[in-house]
Amino acid sequence: MKISHGFCDILGKGRMARLSFREFLAMVHPDDGVALRSLACTGPAAIPPALCDSVRIIRPDGRLMWIVLDGEVEFAADGTVAGVFGTAEIAEGPRQGREFEADCPEGTCAERERFRTYFEHSPEALFVVSLKTTGDLVYQARNAAYAEISGLPVIAGLCGASAEAVPERISISLMRHYRECVELGVALTREEIIELGDGLRIWSMTLAPLPSRDGNVLGIVRDITEQRMLEASLRAARDAAESADHERSTLLAHASHVLRTPLNAVIGYSDMLMGGIMGPVGPGGVADAIAAINESGHQVLSLVEELIDLARLEEDASAALDEQSVDLDYILRDTWRTAAPAAAKRGTSLKVEIPSETPVLWADEWAVRRVVRVLLSNAVKFTQHGEILMTAETSDEPSSSLSIVVRDTGVGIAADRLTTILERFTLLDPVKAHSAGGMGIGLRLATRLMDRHGGRLAIESEPGVGTTVRAIFPNERIGMPAFADADLANY
């Protein structure tokens, strides 16, 4: 017997797929199950085509339970019982008047009719197929929903009539899935392109073997043509967007490279003029104008370099990192020396504090420098007459990590902007940012660099109080990798 999980629960036998008929009969109360036992003890001529019997089951825990068995008896060619397909239902007690329906021309009981109704009116496209001895697939049944999507008439149940062959346009695709389902003995789902009267359609077919010796398989069909077309359209739109984004990044990179050459000339000549290499500048505001040109040139060059770096990262996101042991103390102090003049002009105090026990960081040194420059540049840009502190912190909760921390007492960031500030071209304050030479790509660049290190940026801020930004590196990047000892004399 192949039994469902629900029938297993009724019998109290645990979740099993099979149960011998002899073992099942041993669970039936000796005074019950006359019709049930007749399946094995009565001659073929005396066995009715339908089984309807109320019996008491003796469960493993000793408790008695009334159940009603309804099913249809299937006969082999020699008249012997080939199998019974039916249901089991818990009952309050014995049901009276449930006689065999031997005179029913269709050989079914009321319970079987109820399930036939479910089959016929299901919104799912259902069908039952089996394989003839000639090797052809035939329909045993198909409901209205299946008839609608296949263009075939409804077959509610053939009941002994000649089965209808599956059309060739469907059977070619269905045959290999049918054989796979029967051989494996499990339900499976496959997709196929079927040629119907209205053109090619994409079907998702789920096939499940039924408990019968005829090799019947229940099928469920869903027409997913529109869904797959929509998915293809979305993929094409995504590919087009990625291609356009790649082209924009390439254009920005090329344009930035072209801009960097004249910018270097502007900065170089202004440096020479400010240093008196090309002679005295002269009285008046000429010196101030040259200083303004020099400062603006440095701002634009910084933006150009950010564009080049971001375009390079987005174009080749899988490029390997140049990993090495990074001296955070040196990097932070070197960056401080670069940013100190700009901070002093804004009346801001810039400090660096590196704890002596700070561990070594294993990372790409260029990337770490870039992240620090971005964080410090933003802090200087939005902090006037305040304080900025750069430091390194370690944490063991929830897991070990090393953070580069930049704290400022600047304008701060509103809570509703914290979720978008890390996106590309997002500005904290467009007016202030543009006046300070910002384009909103620095934090995006830093985020991408931290992603490649398995780390992240964390921002805490309060308007009017200040902002704290942490570049957090994971545990696996703390300390140098262990190398095996080697005899260098051999090299």
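The values are calculated or read from the model by the stated rules, or taken from the named source; none is laboratory data. What you see is a predicted model, and the numbers here were worked out from it, not measured in a lab. Heads up, the Cβs are rebuilt from the backbone with ideal geometry, glycines too, and the neighbour counts pull from every protein chain shown. Note: areas computed on protein heavy atoms with side chains; ligands, DNA, RNA excluded. Shrake-Rupley method; radii C 1.70, N 1.55, O 1.52, S 1.80 Å.
Within segment 206-244, being among the charged types (D, E, K, R) and assigned to a loop (DSSP other than H, G, I, E, B) holds for Arg213, Asp214. Of all residues in segment 1-15, those that are open to solvent by 50 Å² or more (accessible area, probe 1.4 Å) and of a type in the set (Gly, Ala, Ser) total 1.
Restrict the check to segment 292-312 and report whether at least one residue is small (Gly, Ala, Ser), in contact with a helix residue (DSSP H, G or I) (Cβ under 9 Å, 6 or more places away or on another chain) and at pLDDT 90 or above. Looking through segment 292-312, none of the residues is small (Gly, Ala, Ser), in contact with a helix residue (DSSP H, G or I) (Cβ under 9 Å, 6 or more places away or on another chain) and at pLDDT 90 or above.
Selection within segment 468-491: residues that are closer than 30 Å to Ile421 by Cα and among the aliphatic types (A, V, I, L, M). The member of this set that is modelled with the lowest pLDDT is Ile478.
For segment 376-397, enumerate the residues that are within 19 Å of Leu361 (Cα to Cα) and part of a loop (DSSP other than H, G, I, E, B). Of everything in segment 376-397, those that are within 19 Å of Leu361 (Cα to Cα) and part of a loop (DSSP other than H, G, I, E, B) turn out to be Asp396, Glu397. Scanning segment 323-346 for residues that are open to solvent by 40 Å² or more (accessible area, probe 1.4 Å) and outside any helix (DSSP H, G or I) gives Glu323, Gln324, Ser325, Asp327, Arg346. Checked against (1) within 19 Å of Leu303 (Cβ to Cβ); (2) free of Cβ contacts under 8 Å to residues at least 12 places away in the same chain; (3) not aliphatic (A, V, I, L, M), Asn264 passes all but a single condition, namely (2).
A search for C-beta distances below 9 Å between a residue of segment 149-164 that is closer than 24 Å to Leu200 by Cβ and open to solvent by less than 60 Å² (accessible area, probe 1.4 Å) and any residue that is at pLDDT 80 or above and of a type in the set (Val, Ile, Thr), counting only pairs 6+ apart in sequence or on different chains, returns Ile149/Val221; Ser150/Ile170; Ser150/Ile194; Ser150/Val221; Leu152/Ile170.
Here Asp223 fulfils each of the conditions (1) surrounded by 15 or more Cβ atoms within 10 Å (Cβ to Cβ); (2) within 30 Å of Gly135 (Cβ to Cβ); (3) at pLDDT below 90 apart from (3). Among the residues of segment 16-36, those identified as part of a loop (DSSP other than H, G, I, E, B) and open to solvent by 10 Å² or more (accessible area, probe 1.4 Å) are Met16, Ala17, Ser20, His29, Pro30, Asp31, Asp32. Quickly run through segment 37-59 and pick out the residues that are modelled with pLDDT of 85 or more and open to solvent by 50 Å² or more (accessible area, probe 1.4 Å). Those that are modelled with pLDDT of 85 or more and open to solvent by 50 Å² or more (accessible area, probe 1.4 Å): Arg56, Ile58.
Would you call Ile404 open to solvent by less than 70 Å² (accessible area, probe 1.4 Å) and at pLDDT 90 or above? Judged against the criteria, Ile404 is a match. Applying the condition of being without any contact (Cβ under 8 Å) to a residue 24 or more places away in the chain and buried (at least 16 other Cβ atoms within 10 Å of the Cβ) to segment 119-148 and asking which residue is farthest from Glu74 (Cα to Cα) yields Ala145. Which count do you get for residues in segment 353-395 that are β-branched (Val, Ile, Thr) and buried (at least 22 other Cβ atoms within 10 Å of the Cβ)? Number of matching residues: 7. Can Phe7 be described as under 43 Å from the mean Cα position of the chain (by Cα) and in a helix (DSSP H, G or I)? Criteria met by Phe7.
Taking the criterion of being open to solvent by less than 60 Å² (accessible area, probe 1.4 Å) and not in a loop (DSSP other than H, G, I, E, B), the residues of segment 276-295 that qualify are Ala287, Ala289, Ile290, Ala291, Ala292, Asn294.
Taking segment 422-442 as the range and being open to solvent by 10 Å² or more (accessible area, probe 1.4 Å) and either part of a loop (DSSP other than H, G, I, E, B) or modelled with pLDDT of 85 or more (or both) as the test, the residues that pass are Leu422, Glu423, Arg424, Phe425, Thr426, Leu427, Leu428, Asp429, Ala436, Gly437, Met439, Gly440. When Phe75, Phe115, Phe127, Phe100 are checked against the criterion of being on the phi < 0 side of the Ramachandran plot and at pLDDT 80 or above, a single residue qualifies: Phe127.
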